[in-house]
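First comes the structure, then the notes that go with it.
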Amino acid sequence: MARTRRPATLQAIADDLGLHVSTVARVLNDKREGTRAASGATAERIRRRAAEVGYRPNPYAASLRTRRSDLVGVLVPNLTDIVLATIYAGIEAGAGEHGLTAFVANTSDIREIQRARIETMLDRRVDGLILGDVRSDDPAVLDDLARKEVPFVLVNRGVGDHPASTCDNYRGGRIAAEHLLELGHTCVGIIGGLAHASTGIDRPAGFIDRYREAGIDIPPTNLVYSGLDSPGGHRAADRLLDLDPQPTALFAVNDFAAIGAARAIQQRGLRVGRDIGVIGFNNTDLASEMHVPLSSIDSAPAEMGRAALEMLVGMLAGEQISSRYTEPRLVVRESTKPSH
């Protein structure tokens, strides 16, 4: 029985070469953009494969620019997280201004789910991706997207040299440390969040470095990683409060972890902001509504999301894109008081 010949379509060529269909289309359907759509070597591979399979452009089809789906796929670990929801709101607002539609999927920070969600979005022919769930311990998925020349930017978390819209997390950690040093706290604990996320790497790093510059080395035991939720912060704070000497202040890289830490302090009969200082990160609306209002580092998440969308729009237009950083800002409330 004769085998049916596979149609010579853009998607078939993309699949054969392991590339994103948008890259193939830009090379074959618009000669003016061919050199910008892909590297010279990649463009040559595409044209050679097109010739081998007998591809012929459809004269009635518009170019990729006019046939774009106008869809942007967004991945986040958990959209119930208020920070991620605020980032997505910024993405969605920016998308509307550019005539785009953003849609989001949760990955629960699980590699296998992330990969499945990416494939689903690519099957829907999204114009590009905004990824808020990248892991520093698993850059392979990003390397694969880059190899296929899929347009993407990162948001909230960064990895390597891939373009990202994040807060200046290292500087934010330094600002938190500076505040506690000014208040006289020399023995401190850090609730580091997730060890595989850049927020859990850069924020503690900035904090620790600023203390070291002040002549104070924070012991490894005084850095505890946890989930980015209240229960995780509570468990981490319990470990830190069991240390001898007991820290006089705690820095949590996320407001929800800080809220859990405050609860742990109160359950020990200690006073937040008096016996133990607490400072969080992101300055969520809940921070000012706590029984003892929480000092926090404002990361401007909505601005972060809008910047990520603008970066992707520029990338789709063939522009060279650089990472952008929101400026962290200290918001002082009653949870941090002098230690003496």
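The values are calculated or read from the model by the stated rules, or taken from the named source; none is laboratory data. Keep in mind that what you see is a predicted model, and the values were worked out from it rather than measured. Virtual Cβ from ideal backbone geometry, glycine too; neighbours counted across all protein chains shown. Surface areas here come from the heavy atoms of the whole protein model, side chains and all, with no ligands, DNA or RNA. Shrake-Rupley method; radii C 1.70, N 1.55, O 1.52, S 1.80 Å.
Applying the criterion of being in a loop (DSSP other than H, G, I, E, B) and hydroxyl-bearing (Ser, Thr, Tyr) to the residues of region 106-134, the residue that is modelled with the lowest pLDDT is Ser108. Number of residues in region 252-272 that are charged (D, E, K, R), part of a helix (DSSP H, G or I) and farther than 15 Å from Leu240 by Cβ: the value is 1.
All conditions but one from (1) touching a Lys or Arg at 6+ places or on another chain (Cβ under 8 Å); (2) assigned to a strand (DSSP E or B) apply to Val74; the one that does not is (1).
So Tyr325 ticks every box in (1) in contact with a strand residue (DSSP E or B) (Cβ under 9 Å, 6 or more places away or on another chain); (2) open to solvent by 40 Å² or more (accessible area, probe 1.4 Å); (3) more than 18 Å from Ile190 (Cβ to Cβ); (4) not in a strand (DSSP E or B) but one. Which box is left unticked? All conditions are met except number (4).
For region 135-186, a residue qualifies if it is at pLDDT 90 or above, open to solvent by 10 Å² or more (accessible area, probe 1.4 Å), farther than 30 Å from Arg68 by Cβ and touching a Lys or Arg at 6+ places or on another chain (Cβ under 9 Å), and the qualifying residues are Tyr170, Arg174, Ile175, Glu178, Leu181, Leu183. Go through region 217-242 and report how many residues are part of a loop (DSSP other than H, G, I, E, B) and buried (at least 16 other Cβ atoms within 10 Å of the Cβ). Qualifying residue count for the region: 6. Scanning region 274-300 for residues being open to solvent by 10 Å² or more (accessible area, probe 1.4 Å) and either small (Gly, Ala, Ser) or closer than 18 Å to Val159 by Cα (or both) gives a total of 2. When residues in region 111-134 are screened for being within 15 Å of Arg157 (Cβ to Cβ) and surrounded by fewer than 19 Cβ atoms within 10 Å (Cβ to Cβ), 1 of them pass. Reported count of residues in region 106-137, each being touching a residue at least 24 places away in the same chain (Cβ under 8 Å) and over 16 Å from Ala164 (Cα atoms), is 16. Checked against the criteria, Pro245 counts as under 23 Å from Leu270 (Cα atoms), outside any helix (DSSP H, G or I) and open to solvent by 30 Å² or more (accessible area, probe 1.4 Å). For region 163-195, residues that are within 20 Å of Pro301 (Cα to Cα) and either part of a loop (DSSP other than H, G, I, E, B) or polar (S, T, N, Q) (or both) total 8. Out of Gly54, Gly18, one residue alone is at pLDDT 70 or above, in contact with a Lys or Arg (Cβ under 8 Å, 6 or more places away or on another chain), farther than 30 Å from Gly94 by Cα and not β-branched (Val, Ile, Thr). It is Gly18.
Please work out if Pro219 is more than 15 Å from His179 (Cβ to Cβ), touching a Cys at 6+ places or on another chain (Cβ under 8 Å) and not acidic (Asp, Glu).
Details: more than 15 Å from His179 (Cβ to Cβ): yes; touching a Cys at 6+ places or on another chain (Cβ under 8 Å): no; not acidic (Asp, Glu): yes.
Taking the combined requirement at face value, the residue does not satisfy it.
State which residue is nearest to Gly158 (Cα to Cα) when the search covers only region 195-216 and only residues that are within 17 Å of the chain's Cα centre (by Cα) and open to solvent by less than 40 Å² (accessible area, probe 1.4 Å). Among those residues, the one meeting the criterion is Ser198.
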